[in-house]
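Just below is one structure, and these are the notes that go with it.
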Amino acid sequence: MTNNTLLCQMSEALFHVWDMHLYLDTHPDDEKIAQLAEKYMCLAQKLAEEYVSHCGPINAMDCDAAAWINSPWPWDNSRGNC
Amino acid sequence: MWSYQKLLQYPVNIKTPNAKAAQIIISQYGGPDGELGASLRYLSQRFSMPYPELQGLLTDIGTEELGHLEMVGTIVYQLTRGLSEEEIKRSGFDKYFVDHTTGIYPTAASGFPYSACSMQVKGDVIADLNEDLAAEQKARVTYDNILRLVDDPDVCDAIKFLRAREVVHYQRFGEGLRIATDKLNEKNFYAFNPSFDTGCNCSCNRK
């Protein structure tokens, strides 16, 4: 991931959260990492809100049907990155 | 149940179609060590897996593998967009094209369709976790082989991400195996299956 688009920033923050989540499956008592995961979760949520307002919905349940089908699908890069 | 997020775990943005690369990479969609088999293996093994840490691990890694399946599908889709008939014939993609056009079908690069015979759910914690460790290594080797055969930096970037995740999952499954063996005391070191022999609770008096 070399460019600094909103999509990349959000994906990066979400990835940090996810990778720490996996780590915590086998290290449930590691409070330091749990706190760090929470910090990244806040950042990811902030970036996700920004992404949704500029580029379209991420989750099917939190938007209107037209926005869900009309925003680009993840495999389609012909409409440019957000 | 699952809730879908309308984004890839790691962005894929391939600008140049390449039917030759697509034919190789499809193996990680539906081949013996591909992402479809990985997700089915882990998500199916969860039911008979004892210990909440391991149920959580299989759920989470199985879910991530579904995201990887979507990434591999995206790579193949973007590599096969806008191909000319001439390119299809020249690259050898014609053998896939005749059955699937440029749709994404779960198959190995050899043409062998996805088969659950390449994975196992044994219903035994030690057997299943060792299968998972081997599966992560086999997938890692497949990604290494893809990196030997493909040189488009846009493709390699996404493949390197997927390769790195195999290494992380291997580490997590190793920790999972450690958790499982720590719960087997000296009276039950591989002697019985804690997923099946309920009531024994690792201090079974079985002779």
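Some values worked out for this structure:
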item	result
Residue satisfying condition, being over 20 Å from A:TRP75 (Cα atoms), in contact (Cβ under 8 Å) with a residue 60 or more places away in the chain and within 18 Å of the chain's Cα centre (by Cα), within set B:ARG46, B:ARG41	B:ARG41
Residue tally, condition closer than 14 Å to B:ILE24 by Cβ and β-branched (Val, Ile, Thr), over the range B:82-111	1
Any hit, the range B:57-76, residues being in contact with a Pro (Cβ under 8 Å, 6 or more places away or on another chain) and either more than 9 Å from chain A (Cβ to nearest Cβ) or assigned to a helix (DSSP H, G or I) (or both)	yes
Verdict on B:THR142 being in a helix (DSSP H, G or I), β-branched (Val, Ile, Thr) and at pLDDT below 95	no
Residues being in contact (Cβ under 8 Å) with a residue 60 or more places away in the chain and closer than 18 Å to B:GLU136 by Cα - total across the range B:59-84	8
Criterion violated by B:GLN137 - all others in (1) free of Cβ contacts under 8 Å to residues at least 60 places away in the same chain; (2) within 14 Å of chain A (Cβ to nearest Cβ); (3) of a type outside the set (A, V, I, L, M, F, W, C) satisfied	(2)
Residues of the range A:56-74 classified as farther than 20 Å from B:GLY67 by Cα and surrounded by 13 or more Cβ atoms within 10 Å (Cβ to Cβ), total	1
B:GLU87 being in contact (Cβ under 8 Å) with a residue 60 or more places away in the chain and more than 9 Å from chain A (Cβ to nearest Cβ)	yes
Unique match (being surrounded by 18 or more Cβ atoms within 10 Å (Cβ to Cβ), within 13 Å of the chain's Cα centre (by Cα) and of a type in the set (Val, Ile, Thr)) among B:ILE75, B:ILE61	B:ILE61
All positions within the range B:104-138 that are closer than 13 Å to B:ALA38 by Cβ and assigned to a loop (DSSP other than H, G, I, E, B)	B:PRO106, B:TYR114, B:MET119, B:GLN120, B:VAL121
Residues within the range B:92-105 that are in contact (Cβ under 8 Å) with a residue 60 or more places away in the chain, closer than 18 Å to B:ASP152 by Cβ and surrounded by 18 or more Cβ atoms within 10 Å (Cβ to Cβ), tallied	1
Listing of helices (runs of 4 or more DSSP H) fully contained in chain A that carry 1 or more residues being modelled with pLDDT of 95 or more and either closer than 20 Å to B:TYR4 by Cβ or touching a helix residue (DSSP H, G or I) at 6+ places or on another chain (Cβ under 7 Å) (or both)	A:6-26, A:31-55
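The values are calculated or read from the model by the stated rules, or taken from the named source; none is laboratory data. Predicted model, so just to flag it, every value in this text is computed and none were measured. When we count neighbours, we look across all protein chains shown, and the Cβ atoms used for this are built from the backbone with ideal geometry, even at glycine.
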